[in-house]
Each structure stands twice: as C-alpha cells, then as structure tokens.
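Structure record follows, encoded as structure tokens.
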Amino acid sequence: MTENGPVIEIRGLTKNYGDVVGIKDLDLNIHRGEIMGFLGPNGAGKTTTIRTCLDLLQKTSGEVRIFGLDSHHDSIEIRRRIGYLPGDFGMYNDLPVRTILRYLLSLSGYEDDGPMEELARRFALDLDKRYGSLSKGNRQKAGIVQAFMAGQELIIMDEPTAGLDPLMQQEFYEFLREERAEGKTIFMSSHILAEVEEVCDRVAIIRDAELQVVERIDALKEKMGKTLEIEFDKEIDPSVFDIRGVEGLEVDGRRARMIIACDLDQVVKRVSEHNIVNMSLETFSLDQFFMTYYSRPGGG
Amino acid sequence: MELRTNWKVLLTFLAVVSFLVAGMVAAWPSMGTAFQADALEGEENVSVELEDLGDTVKVHLQWSPVEGADNYTLLAYPQPQMLVPERAEGIDTESAEHLLEKDEGGTPQMYFAVVALVDGERQLVGMASSLERTSVYEETFGVDMSRVEGMASFMWDLFWGLLMMLFLGYVAASTVSRDFEERKMDIILSKPVSRRRYLLEKFAFLTAYTALMLLVAGLVLVGSMAAIGELSEGMVAPLLMSSLLAFPVVLLIMAVGTLAAVYVQDGRTAVGLVFLFVLLQVGINLVASMAEGLEHLSSYTAMGYWDLDAILFDNVYSVGDFVLIAAAALAVLAVAVLVFERRDMAG
C-alpha cells in the first residue's frame, strides 16, 4: 500500500447467508485520516460489511484489503493495527472493567495502560466497577475505550453512540475530531443522520444489501437542494412538475410538495402559468434527504 | 481469563469430587455386611463336593438324615429364589449327584435344595450351591463390593465417573459457546489472536484442570482408604491409576464438547451434544456389561478402554490404548480448530 492509498479497499464484496443476501457487490474506499460514516436502515448490511472486513464472517466473493493486506489471510496483522467496537458486545460480567480492559490490551500485545486510564477519565467510566453492574451507556463507554486504548491507526465502529447520553455523544464527537486530527482513520456505521452530518467527512449509504451512494457530506448537502411547497388556487395537475430534478413529488389537491435538486428557476417559470396562493422554500436537511433516499424504490 | 472467570465453579467441583470420594470411602465399612452374601437357609445341613469330569462337573450332595423321613427330593435352579423339582421324588439315601455342563466361566452357578417328606408333609432340609455365594451387588454389578477394589470400581463406574465426564463435557462446551452467547467473541477476535490460539489456550487450561482434578480424586481415594485402615501397600498404585487413567477419556469428551461448541455456536445445543456423546458411551458399555455376547461393543467406545476391573483387580492397563484415545482427542480438537477457522462467527 502506498501512503496515499486507501486504508480500507473493498472491491465487489458479496456476502450471502445461504440463500439470503447480506451484502451484494459492494465497492468502497476509505482514506487515511478521514471519518467515513456508513448509513443505512436496520438490516441493510452495515454490520455484515463491517464484520466481513474484520474476518469474523467469511466473504462469499470479492476482496477486502486493509492497509493493503488481505482481510482474510493477513487478518492477524491487520487486527494488530485496528480497534473495533462491535454493535452488540459483552464482556466478562463478573470482573472489574479495569481487569477486562487490561486483558484485552494484553491480547493486542500492548502494555501501556496509560491511554486506557486517560480515556476512562475523559468518558467518566469507573474502571473499578464490575462490568456486569454497569448501565448500558457505561458498557458502551467501556467498548469505546477498548477500541481506542491501544492507539490503533484505524478504528471501525458499529453504531458507537448507542446508549450514550447527548452530552457524552458530544464529547465523543469531539474526541473523534481530535483523533482525526492525529491522522487516525475512522469507519463508523450509524443510523443517526445528525451524527454523520456532524462528525463525518464522507458518507456511504447502504440499502437492501447494496451501496447506494458514497459522497462527501458537504457535496451531498449542496446536491440536496430544497423542499418547495406551493399552494394554488385550484387543483393542480401533477404533470406540471414533470421537470428533471424535481423529486419526491406529493400533490394533494391544491397543494404540491417536492424536492428541488435542479435550478429553481425552471420550476418557478413552469408554475407561473398557474395562480399561486402561497409558496414556501425550505433548506433540505440531510435527514430528509436520507428519508427520501430510502423511500425511493431502488434508491435512485 | 478462564481461571478468573470460572474459578468458583471449577473449585467447587474439585471440592465436591473430594467430598464425594472421601464420603463414599468413609461410609463403605458400615455398609460392609450389605455387600456380603446372605446365608442360604439350612446350608449347614447340606455339603457339596465337586468332581471335575472335563466338560462336565459332577456335584455330590450329602445331607444330614431327617428323622422319620420317607424319602427326599432334590430341587435345582441357577437362582436361589426359583428352585424347581430336579428329580422325581423318592430319593431313599442321604446323598445325590447332579451333573452340570461347564460354561465359559468353568463351573456354573447352581442352587440346590433338599426337601424331606415326613409323614406326608414336605420339610426343607437345607440349601446349597455349586459355587461360593456372591452378594446381590456382585451379581448385579459384577464386582465384589466387600473388597476395596470393588468399592473403588463401583464408585467410578456408577457414581461420579459419569458425573465428572458430564461436568467436564459441559465446561468444555459452554466455555466456548458462552463467548458467543455473551457476545464476547467479536471483541476477543478483533484483537490479534488467531482462532486456533483462542481454542487451544482454552483447551490447554481445561486439560490442566482435568489432570489436577483426577490427581486430587486419586489422592483423596488413597488417603481416605488409608484413613479407615483399609489400604494395603499393593493398592496404592491401582487406586491412583483408576483415577488418572480416566484422563484421555475425559480429554476426548472435552474435545467433542469443544467441537460441538464451535460448530453450533449455541450453548444449549453444544452441551446437549456432548451429553449425548457421554451417555451413548455409558449406554453401550452398560449393554456390553449386561448382555451376553455383546461384550465386544465396549471396545468401540473410549470408555470401554477405561477398564476399571483390569486396573483395580489385576493392576494391568494398556498404555497403547490410552495413547490412542489421547490421540483421538487431539484429532477431534484439530477438527474443531479447522471448523472454527472456517465458520462465520455468530453475531
């Protein structure tokens, strides 16, 4: 791998569970020093993709290279250099968190527990408590600490903020930005759009086992356009809005609502032939965009 | 980590094993009479002499005369509870002969009763048997429970030999499947630990525990026998070996448990499979020991090689057999590693 090559390189990755398709022909590159968000509804294939990258699942076909190494054959070498936070995990319930984390640290071949103590302080995690006695949020913190404590250069996380309170989430985002500033690469799945919008550089959207779009967040926002809502004085024929770039059209009698992903001028000129009672234009949020993406058959 | 998470259960089982062995030995002398054969009714009145005729044995019976007896009747049957008339009534002398065909074990067991006819009424003179009487326990289980060896054999066979195998099979199956069920596997295997290393380290731990447990059980057995003053010098080695030689058998059971766990990745099913494996072996051995002509079946099971009677009574055991079983255990473990390396981890 060259220094500028992708940290994670996924080519035509397919994973089937018997007859069930987990992910289909997925291509994705994740570059050094970026935070890549991985968005999709439950069951879309996010966890399958992540667990296949980590060699916890055997891929059906395709290729995954991490640091230029083969995800299956060089799995041990890869795992030396990555931290992983599973979406659903457990630890040894009877043991204090410190004991567990030290054990996991030793599995990584890492002895310095300074970063571990520091992370625990930062996220207000009591290392002396037994893991089994922790709340959901604190268990999640223990998971986060174990993913970052060995100073790995690539961190893969499956829904990392699940269970964290809003303040802690903000702290976590801040922490991610700091990690990125240090050159760490982060690949995280999420179904919280605000989270991806706030912290990620790029986003990959997956639906029904297939990757729909990979885009920079800022470019995506630009592309997203706006929501236009118009009220006419009488019922309007939907064919009026037969314009390239008008999406998600909903016509309800005299009212029409649509997403404008083209030049607004075209639309305004077209509707000016009708009498307009009211008109409003809203900036589209990523959240709405996302919902639109999911509601469109085939994802557009 | 195994020790840190399982030490309570493992230590408890070690204590239970020690307690049961010592307790069984301590209770044994007071049960002594129960293991001795019941006396036959009037056996002092009938004497038996055997005459070896090659393929047959002639039994000479002689009894004390009964006053006023018109004649005598001789009854015979292989079990003492079901004697049937052997010969027409009317033996005039105080003696009779009975011919027995030899079987595999030489002279067969046959019970006799002599009945006198006095004034038209039947009256038991006495009973006798062709062989020295064995206790009900010995007849049922095939070991003489009044002997130290028999007691040890009985204890292993029917008591906690089974308990130990089920327990260690359970521990082996559940220690791996628990990591799946408690969702620890993803984190552990995201560290630079190969699946092979993960599995072998667990197995090595269990192997060490098994060796320790068998050693403790053997020492407690010898120690408690010594404590009740029943330990002869020659018995130290057989008693110790009776425990230690279970090692490869347990190893095989644990390997099967490990294989089941990595294959099904579900605790209940894995434990069920290893229990099935243990109980199947016990069942086959039970059938082999009870049904005539099926003795060879036990040689198809690992447990069959843990031949307690040979170890305890004759102090003989085949090192080759045990190496073979240990090798089988390692082969099963190797399959478990291969399966584990190729399977998706349940998430």
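Things to note:
- Chain B, helix-only ellipticity at 222 nm - DSSP H runs n ≥ 4, -39,500 (n - 2.57), divided by all residues, nearest 500: -17000 deg cm²/dmol
- Exposure proxy for A:R244, A:R257, A:R79, A:R139: other Cβ atoms within 10 Å of each Cβ, ordered fewest to most, give A:R244, A:R257, A:R139, A:R79.
- Annotation: the residues A:H274, A:H72, sorted from fewest to most other C-beta atoms within 10 Å of their own C-beta, follow the order A:H72, A:H274.
- Interchain or long-range residues, amide H under 5 Å from A:I206's placed H: A:L39, A:G40, A:Q212
- Tensor-based shape of segment A:226-283 (alpha-carbon gyration tensor, a/c under 1.5 rounded, otherwise prolate or oblate): rounded
- Label positions at B:E67 and B:E295, each projected 7 Å from the Cα along the C-beta direction, are separated by 5.1 nm.
- For segment B:156-207 and segment A:162-236, distance of Cα centres in Å: 42 Å
- Here the 3J(HN,Hα) profile of segment B:69-76, calculated from phi with Karplus coefficients 6.51, -1.76 and 1.60 at θ = phi - 60°, is 6, 7, 7, 10, 10, 10, 10, 8 Hz, Gly and Pro shown as x.
- For segment B:330-341, backbone phi angles converted through the Karplus equation (6.51, -1.76, 1.60; θ = phi - 60°) give residue-by-residue couplings of 5, 5, 4, 5, 5, 5, 4, 4, 4, 4, 4, 5 Hz, Gly and Pro being listed as x.
- Helix content alone sets the calculated 222 nm mean residue ellipticity of chain A: runs of n ≥ 4 DSSP H residues at -39500 (n - 2.57) each, divided across all residues, give -9500 deg cm²/dmol.
- Look at the Cα gyration tensor of segment A:1-77: its axes a ≥ b ≥ c give a/c of at least 1.5 with a/b at or below b/c, and that counts as oblate.
- Antiparallel content of DSSP bridges confined to chain A, in %, to 5: 70 percent
Taken together, the values in this text are just the output of simple stated rules run on the coordinates, not laboratory data. Bear in mind the structure is a predicted one, so any value in this text is a computation, not a measurement. All Cβ positions, even for glycine, are placed from backbone atoms using ideal geometry, and neighbour counts span all protein chains on display.
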